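Note sheet for the following structure.
Every number here is computed from the coordinates shown, using simple stated rules; none is lab data. Source: prediction; values computed, not measured. As a convention, Cβ positions derive from the backbone with ideal geometry for all residues, glycine included, and neighbour counts pool all protein chains shown.
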Amino acid sequence: MTMIAVLLAAVAALGNAFGAHLQHGAVHATISDRKLGVRSQLRLVGNSRWLLGLICLGGGTVLHALSLGLAPLTVVQPLGVLALPLTVLLKSRDSGLGPGRLPRSSMLAALAITAGVSAFVFLAVRSATPTSVSPQAAGTAIELVTVAVLTIGLIGLLTSGSMRCIAYASGCAVAYGLVSLLLRAVSQQVTSGQLAEIELWLLLGMGVSVLIGGWLLQHAYASGPPDLVVACLTVIDPLVAVGLGIGLLGEADAVGPWTAVAEGVCAAVACAGVFALARYHPDNRGSGAHTVAPDGSDRRVTSVDSS
């Protein structure tokens, strides 16, 4: 069952990568120089590129939900990192760069993120213990995540540039980490045939978390490049889910001290990769401005001195 869950989660990550790429281009094509207000967000609903991205994200969510019912949270959730390399390649294509011409700093940062989270998954698969999600654990998770999302959202309002992008993407990731825990609770009841025992407040909590996370995600797209957004999602989301799985569900009760240290190192490497990507990303180094082509793809324009 675990291998099937890993396969489903991997395919879900690919759907999330294409969805993020499509929606990022649609957001920039729609808002142009305007802020992402309510009217701009309503215009997104009529954008076919954005809707196609939504379908990809929805398909990824369904597959991810199925995988959560078959394996521990600490195994499934980090596999979302597979979306990052594909997003980097898609972004380089739209920027007119081939894979071999990508900045070395961006490639090293993406490699650090992918390697850190992949190693974490490898360790978690060997040591994680499947557990059930109790109503008490789900309620505590909702309270903790609510405080975290409000705090991170405030940071996003008070900052700008890449830091605002990181803040909004991190807030989305925290909300989606909660969705994964609640999805696991519902999936366990569905797979065991306990449909009549599904708590409605769990479904409500998932719905609210998805809406808030989606709102923050669109603002993250409007504030920075898609690979930076996906990097935050693929690191913060699994860290939150793993933290909830360890702290509230006891999925790491059988983990030895050395394995725990190794997992901590892997998480630190992945987080360092995110901040390196934010600092050294070509879009954030002032080497040119971005415009948006009619098809919604990003284009870099380098200023030329006419004197």
Note to self: With the crude spin-label approximation of a point 7 Å out along Cα→Cβ, what separation in nm comes out for LEU200 versus VAL11?
What the structure shows: 3.4 nm
Item checked: Geometric extent, Cα atoms of the range 106-175 - Rg, Dmax (angstrom) -> 16.2, 42
Next item on the list: Figure the gain on full extension for VAL261 and MET163 (residue separation times 0.36 nm, minus the Cα-Cα span) and round it to one decimal in nm.
Entry: 32.4 nm
